[in-house]
Every structure is written in C-alpha cells, then in structure tokens.
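What follows is a short report on a single structure.
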Amino acid sequence: MARLVFADAHGHTNPSVGMGAGRIAEKFAEAGGWFMALVALSPRHYGLKEHGLEGYRKVYDLHVSECRAARESGLQVSCLAGMHPADVDFLVNKARIKPREVLELGRRVVDLAADYCRRGLLDGIGEVGRQHYATKPSHLVVAQRIMEYALLKAEDMDCIVHLHLENDGAFTPSDIAELLDKLNVSKSRVLLHHARPGVLEHGVALGLPAATPGLEPVLVAAFRRTEPLFMVESDHIDDPGRPGTVVYPWEMVANQLRLLERGVVGEDALYRVNVDNIVKYYGVEPP
Ligand SMILES: [Zn+2]
Ligand SMILES: [Zn+2]
C-alpha cells in the first residue's frame, strides 16, 4: 500500500486572528495531509461589524482566497460557506434582528452561497443546520428553515451541504434521512458533521455521509462501533483564544497513527476513511 495519507473532512481557518489557511495547510501537508474541506466561519469571527448580507459576502470572498491559499500549499481543497445555526441566535439576541428577518437574510445568504457555487468559487454550502444547545423555539425553527432552503438549493446547484446538528443518538440521522426523502434531496449530498459515536453509527447505517471528530477516544469508539464508512474531521476553528479546538489537523493525524500502533485499526481502515470515503463524497481525484 502507498504511504498513509490523511484528510480533514471539515475544518476552518481564520486569517484575521489565527494562523490562516496557508500555514495550516503547510503543517497539515507536512504531517501527511492531502485533502481538506474548509468551511467559512461567521462574520463576527473575522472581526467584521457587518452582520447583514454584505458581511457574509465579505466572508465568502475572504474564504475563497483562504481556500486558494490552502491549494497553493499543495492540498486538494473543497470550499464551503453558509450560515451557522448559532448565527440565528447572535442575530436575534445581539444584533437585534427579528426572527422573521433573520430567516429572510438566511435565505439570501444561501442564495449567495449557491451563486458562488454556480461560479465555481465554492464547492458547497455549509455549515447550516440546527443549534446543538438549548435555544428559543423560534430560533430553532428559523435555523431549520434555513437548512431546508439550503438543501433544496444544493440539489438545484448539484453541490454538497455540511450539516451542523444536535447529537441525539439515532434520532438526529433518522430525522435528516426523512427530511431528505421529503425534500427529494439525495443523501449523498449531505455531511453529518461532528457526528460522534452514538450518532455516527446510526448515520452510517442509514447511508448518510458523516464525519467524526479526530480525537483519540472518539476515534477508538468510532472504529469499534461501525465500519470505516465515515470520515474524520478536525473542526479546528483556528482561534488562538481557544487553542486546539476541536483538534489541530496534524494532531488528528497523530491520533490516527497512534490507533494504528495500538492495533485498534489497520492501514486498510485508515485508507478507506482518509481516501476512499473522501473521494466518493467530495468527488475529488485520489492522491
Ligand atoms: Zn459545526
Ligand atoms: Zn465547523
């Protein structure tokens, strides 16, 4: 078998406060990385004071150039931008925008992402979805409606969607599978991002693409509970105020190599997780 290579199925870069994509991609490539899916953060994370459509447009342009920087470091990159469900709470609670208007904004932001996909600047919409914490019922409804709009757009544009969801056992993936069925959106378009063991195996059983955090104990549980039909993600937010959250992409590589040493996984399983499943979901050429 070829040298082991590693993929990050969902991560972030922040050139305003953190290392930025160029440096992250370099360090990841040095550790054996070949592919990264980079997902835009929210306007406030880059220090932007504009929270409306123009703020998102600035983010999208900045993110597209981050994806380009990562590609220049030799990685294959899938580039996504959307509207995080936590933005709904921020926009209502802090920016004082009414839920109805946040929903309208969300739809326009998704339209913008779809337009960037059409122009070949983005490969998908994300992250969209539902809050993973308790929030006002109306905020959850707004987030859900934005997600549904994004799923329909993605089907039209033939692009992918990263879903940020609550982690509630078998419920979360089965609800998404039903929703996709209802909306006539192909399962192969979505990624259940941050699917921890307990949710992951149910997603896999339903044939939903899913990525689990690359933390050692999480990976041990993931490989024990299900076939290697999932992907691994860093969800690294590149924020020096929260160093290593969720996990550095290169640490995620070290964690998988430790699993190999410990005999928890074989090279074949690592190859499927880091290459086969990535090639299939993202439609990229193998390394
Ligand atoms: Zn997320
Ligand atoms: Zn994320």
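Taking 25 Å as the limit for the C-alpha separation, the pairs Lys27/Lys153; Lys58/Lys136; Lys136/Lys187; Lys58/Lys98; Lys153/Lys182; Lys94/Lys187 exceed it in the case of Lys27/Lys153; Lys58/Lys136; Lys136/Lys187; Lys94/Lys187. Length gained on full extension, Ser188 to Glu101: 28.2 nm, using 0.36 nm per residue less the C-alpha separation.
Sorted from longest to shortest, the spans of the Cα atoms of the stretch 6-282 along the three principal axes equal 53, 39, 33 Å.
Shown for the chain are the DSSP H helices of 15 Å or more along their axis, judged by Cα atoms, with a mean Kyte-Doolittle hydropathy of at least -1.0: 53-72, 99-118, 137-157, 171-183, 249-261.
Using a ≥ b ≥ c from the Cα gyration tensor of the stretch 36-127 (square roots of the eigenvalues), is it rounded, prolate or oblate, where a/c under 1.5 gives rounded and otherwise the larger of a/b and b/c decides, a/b for prolate? In terms of gyration-tensor shape, prolate. How many angstrom lie between the Cα centre of the stretch 1-48 and the Cα centre of the stretch 209-287? That distance is 14 Å. Taking a Cβ cut-off of under 10 Å around Ala9, the surrounding Lys, Arg, Asp and Glu residues balance to a net charge of -3, with basic ones at +1 and acidic ones at -1.
Label point of Leu4 set 7 angstrom out along Cα-Cβ; within the stretch 239-283, amide nitrogens under 13 Å from it belong to 251-275. Each Lys and Arg Cβ is given +1 and each Asp and Glu Cβ -1; about its Cα centre, the chain then shows a dipole of about 600 debye. Given +1 at the Cβ of Lys and Arg, -1 at the Cβ of Asp and Glu and no other charges, the dipole of the stretch 132-287 around its Cα centre is 260 debye to the nearest 20. Kirkwood radius, the stretch 137-287, all distinct C-alpha pairs, inverse of mean reciprocal distance: 16.2 Å.
Each residue, Val279 and Val141, gets one label point 7 Å from its Cα in the Cβ direction; the gap between the two is 4.7 nm. The calculated FRET efficiency for the pair Glu155 and Lys58, based on their C-beta separation and a Förster distance of 41 Å, comes to about 0.90.
The numbers here are math on the coordinates, done by the rules we state, and not lab data. No experiment lies behind these values; they were computed from the predicted model shown. Cβ sites come from the backbone with ideal geometry, for glycine too, and all protein chains shown count toward neighbours.
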